[in-house]
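Student: Encoded as structure tokens, here's the structure I'll be asking about.
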Amino acid sequence: MKIVRLAATLLIVGVALVGCGADEEEPEPSAQDKFCAAYRDFYEQSSRDPGASDTEVVSRMKEFAATLDDLEPPEEMSGEAKKGMAIWIEMIGDLPDDASQDDVVSLNTELSKKESSRLRSYNDFGNVVCLSNGASG
């Protein structure tokens, strides 16, 4: 009887080890996970160097806009926030490489109330979902 129990135990351990093998594929990150990873990376880079030159800041913004343009908006993001994300991508993408931070601020003054609201919705989503404690990703 001891041999049967030993064999059963070895069989269970063997099955468990095969089930935990390195060949298991990691699930593909969700659109929200990808978005939040990019959002947090941009935020952390921007926070890390508050004394960066205008050229560095605008360059980071343009790189982030290009990254966002390649990503699928998260399903969890509202339609208004998705429209705000598209506005931000276009607005920043159209900036000249030698733009200043003042140029970025002046772009905001050119937005309609509806565009400003959508941009706020996009920023709120990123800040609340991606930067708050317990955020996914």
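Student: Which ³J(HN,Hα) values in Hz, rounded to whole numbers, follow from the phi angles of the stretch 77-82 under the Karplus curve 6.51 cos²θ - 1.76 cosθ + 1.60, where θ = phi - 60° and Gly and Pro get x?
Tutor: 3J(HN,Hα) across the stretch 77-82, in whole Hz: 6, 5, x, 5, 5, 4.
Student: Each residue of the stretch 38-48 in order: what ³J(HN,Hα) in whole Hz does its phi give by Karplus 6.51 cos²θ - 1.76 cosθ + 1.60, θ = phi - 60°, with x for Gly and Pro?
Tutor: Here the 3J(HN,Hα) series is 5, 5, 5, 4, 4, 4, 5, 4, 5, 6, 5 Hz.
Student: Next up: What order do you get for 107, 131, 68 when you list them from fewest to most C-beta neighbours inside 10 Å?
Tutor: By the 10 Å Cβ count, ascending: 131, 107, 68.
Student: Between residue 131 and residue 100, what is the spin-label point distance in nm, taking each point 7 Å from the Cα along the Cα→C-beta axis?
Tutor: With each label point 7 Å from Cα toward Cβ, the separation is 2.5 nm.
Student: Mind running the shape call on the stretch 31-131? Use the C-alpha gyration tensor, a ≥ b ≥ c as the square roots of the eigenvalues: rounded below 1.5 for a/c, prolate if a/b tops b/c, oblate otherwise.
Tutor: oblate
Values in this text are rule-based calculations from the coordinates and carry no lab data. All values reported here derive from a predicted model rather than from experimental measurement. A quick note on method: Cβ atoms are made from the backbone with ideal geometry, for glycine too, and the neighbour counts reach across all protein chains shown.
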